[in-house]
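The values are calculated or read from the model by the stated rules, or taken from the named source; none is laboratory data. All figures in this text were calculated on a predicted structure; none of them were measured in a lab. No Cβ is skipped: glycine too gets one built from the backbone with ideal geometry, and neighbour counts run over all protein chains shown. Areas reflect the complete protein model, heavy atoms only, side chains present, ligands, DNA and RNA absent. Shrake-Rupley method; radii C 1.70, N 1.55, O 1.52, S 1.80 Å.
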Amino acid sequence: MNAHANSASAAKVARARVTSTRAGLASHLGLRESLFASPDERRLATRVEEGLVTVESRLAEQLSFTDAIADATARYLFEAGGKRVRPALALLTAQLGDGNTEGVIAAAQAIELTHLASLYHDDVMDEAELRRGVPSAHVVWSNSVAILTGDLLFARAARLLAGLGEAVSRLQSDTFERLCLGQLHETIGPQPGDDPIEHYLQVISDKTGSLIAAAAHMGVLLSNAPREFEAAMMEYGEKIGVAFQLVDDVIDLSDGDTGKNPGTDIRAGVVTLPMLYLRREAEADKDAAALLERLLRGADTDPDTPLPDFDSAIAELRDHAVTQRVVEEARRWAAGGVAALSPLPQGPVKRALTVFAENLVSRSA
Ligand code: GRG
């Protein structure tokens, strides 16, 4: 493909993504429906949406490595979808300061590229078949290609942040370190003496909370917002990030629009909080022990082989009290995030962040 055709195609993709990003902002953050009633709130929504449009088209331009293979592999998951939650959050918190500055736009791209890079790597390690409703990159190409694509994306994220100051580059490195540590601790599992549930919560704080916290923090850092909001944004992002992951654990048990079968994570042997709670319950309750056994029989089996008993065990787990407890735990984390917003002035940003946290949890209802 020549350079002109390449950029025309990137622009077309960006336009399509912008449309779905707008829908994504409305549906995933739930902001349009539940928030933007007053003129202030509508102005805020417009600024965040304008920022998302810019981020989306710049990302499409960023995913060009003067190498047709690298372009194809790097664009693959970007074009497959994604909610763009992290850039939306960075743009939202930036409205506490000067709004969509060039630094904020660059950081929002870098955060999404870091997220994208981690998805390529994660799918290799989890041997995941699907991502964003399409076959995972390692299934289409190979493990090495997927890993190297993640590395390329991570390199591009670092370049976008170069020159934005020491605090920004330190935040990006610390976040990257936590992503890797979270993944490492998940891979090796709890060690003797570790509580498996505390271990899991630490893993998801590192794997998911850290990047969402960094997104919220970057928005404040790069918009010249008051410094005293920084710690609040980190705490808010971290806590809603944990809530977000816990909700994902519950969504894994449902028929939804993820393109995955219910219980895909459990079948792949991925640890989730409903399973950890069930394990704890199984120590004292024989019905829980029987359900756990049926679920474990399906774990690590070929995902293409039908397992009707595993499917019905997943349906039972979905309706089980342990899953309800995970939803309540997610609500507590989200409420902790909202409580962290106390230093922020009353206004549309604080209200949007509150609605965002609340809507995160209601995704599982
Ligand atoms: C190369 C940056 C890098 C990291 C290596 C693999 C790894 C270390 C860390 C794994 C981090 C990871 C994949 C955490 C899961 C985070 C998560 C909740 C993913 C799903 O996020 P959504 O729902 O996805 O926002 P979309 O597709 O909507 O963007």
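Here are a few things to note about the model shown:
- Gain upon complete extension [Arg42, Asp195; 0.36 nm per residue less C-alpha separation]: 50.5 nm
- Amide hydrogen neighbours beyond the local backbone of Leu130, cut-off 5 Å, H modeled: Ser136
- Taking all Cα pairs closer than 8 Å and separated by 6 or more residues, the relative contact order of the chain comes to 18 percent.
- Percent of alpha-carbon pairs separated by more than 14 Å within the range 146-231: 70
- Where Rh is the Kirkwood radius over Cα pairs, Rg/Rh for the range 222-365: 1.10
- Gain on full stretching of the segment that runs from Asp174 to Ala231 - 0.36 nm per residue minus C-alpha separation: 19.0 nm
- Averaging the sequence gap over all C-alpha pairs within less than 8 Å and six or more residues apart, then dividing by the number of residues, gives the range 37-225 a relative contact order of 30 percent.
- Note on the chain: helix-only mean residue ellipticity at 222 nm, from DSSP H runs of 4+ residues weighted -39500 (n - 2.57) and normalised by residue number, equals -23500 deg cm²/dmol.
- Here the chain is described by how far its Cα atoms reach on the three principal axes: 58, 51, 38 Å, from widest to narrowest.
- On the principal axes of its alpha-carbon atoms, the range 44-93 has extents of 39, 17, 14 Å, going from largest to smallest.
- Amide H contacts of Ala225: Asp98, each under 5 Å away and 5 or more positions distant or on a separate chain (H built 1.01 Å from N in the peptide plane; Pro and chain starts excluded).
- Exposure ranking of Ser118, Ser173 by accessible area [1.4 Å probe, largest first]: Ser173, Ser118
- Distance-filtered residues of the range 227-257 - backbone nitrogen under 20 Å, label point 7 angstrom along Ser312 Cα→Cβ: 253-255
- Membrane-span-like helices in the chain (whole DSSP H runs, Cα extent of at least 24 Å along the helix axis, mean Kyte-Doolittle hydropathy of at least 1.0): 143-161.
- Once divided by 2.2 N^0.38 Å, the Cα radius of gyration of the range 37-225 becomes 1.07.
- Put a dot 7 Å past the Cα of Ser254, heading toward its Cβ, do the same for Glu127, and the two dots end up 2.9 nm apart.
- The range 87-137 versus the range 242-281: alpha-carbon centroid distance in Å: 22
- Within straight-line cross-link reach of Lys350, lysines at Cα separation under 22 Å, skipping those fewer than 8 residues along the same chain: Lys83, Lys239
- Computed from the C-beta positions of Glu102 and Ser362 and an R0 of 35 Å, the FRET efficiency is 0.50 to the nearest 0.05.
- Orientation-averaged projection of the range 169-280 equals 8.5 nm² [convex hull of Cα atoms, one quarter of hull surface area].
- Relative contact order %, the range 274-365, counting alpha carbon pairs below 8 Å whose residues are six or more apart: 22
- Extending 7 Å from the Cα toward the beta-carbon at both Ala155 and Asp300 defines two label points whose distance is 3.6 nm.
- Using the Cβ-Cβ distance between Ser142 and Asn261 with R0 set to 25 Å, the FRET efficiency from 1/(1 + (r/R0)^6) comes to roughly 0.55.
- Between Ser342 and Ala321, the C-beta separation translates, for a Förster distance of 22 Å, into a calculated FRET efficiency of about 0.10.
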